[in-house]
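Student: Structure in structure tokens, see below.
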Amino acid sequence: MLYSQTQSKLAQIATLLNDAGMWSATTPSDAAMASTAPFACDLMPLEQWLQFIFIPRMQSLIDAGQPLPSRIAIAPMAQHVWQDNPDLLPLICVLNELDMLLNEPR
């Protein structure tokens with residue numbers, strides 16, 4: 001159940017990124033992909049981190065039946081980064097829903 005709910009949220013995030021024109025056809029550089037900074041914020045924008053790092057890693061965990069993170073806080077970062085763009089509020093809301101889903105006691 002948790003996997004399917006998480007997968008649904010990931011699909012919503014991808015759709016909202018695409019609808020906002022933030023889905024990229026260009027993969028970030030190898031250096032950016034290897035960033036160890038939270039959200040790779042030193043080398044890529046948050047939307048690229050979501051698309052190229054977060055969503056694929058979460059999908060890999062789901063596909064492998066591995067445990068999903070139980071402490072996650074993406075929405076506060078999204079709120080900080082996109083606070084001046086009210087059009088992204090639906091995306092921030094879905095990220096918050098994902099945070100709450102994964103942070104629920106299991």
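Student: Towards the positive end of the charge dipole of the chain, with charges on Cβ (+1 Lys, Arg; -1 Asp, Glu), say which of T36, I74, A64 has the farthest Cα.
Tutor: After comparing all options, I get A64.
Student: At 0.36 nm per residue, minus the direct Cα-Cα distance, what do L68 and M33 gain on full extension? Give it in nm, one decimal, please. Please report the intermediate quantities before stating the final value.
Tutor: Working: separation 35, 0.36 × 35 = 12.60 nm, distance 2.09 nm.
Net length gain for the segment: 10.5 nm.
Student: Here's a follow-up. When the dipole is taken about the Cα centre of the stretch 1-78, and only Lys, Arg (+1) and Asp, Glu (-1) are charged at their Cβ, what size is it in debye, to the nearest 20? Present the calculation step by step, with values, prior to reporting the outcome.
Tutor: Numbers: 3 positive and 5 negative charges, 50 e Å.
Dipole size: approximately 240 debye.
Student: If we count every other residue with Cβ under 15 angstrom of M22's Cβ, Lys/Arg +1 and Asp/Glu -1, where does the sum land? Mind showing how you got there, number by number?
Tutor: On the way: positive: none; negative: D19, E47, D84, D87.
Net local charge, M22 excluded: -4.
Student: What number does the chain give for Rg over Rh if you use C-alpha atoms and the Kirkwood radius? Kindly include the intermediate steps, with their values, before the conclusion.
Tutor: Numbers: Rg = 13.4 Å, Rh = 14.2 Å.
Reported Rg/Rh (Cα atoms, Kirkwood Rh): 0.94.
No lab work stands behind these numbers, since they all come straight from the coordinates. In this text the structure is predicted, and so the values were computed from the model without any measurement. Cβ atoms come from the backbone with ideal geometry, glycine included; neighbour counts cover every protein chain shown.
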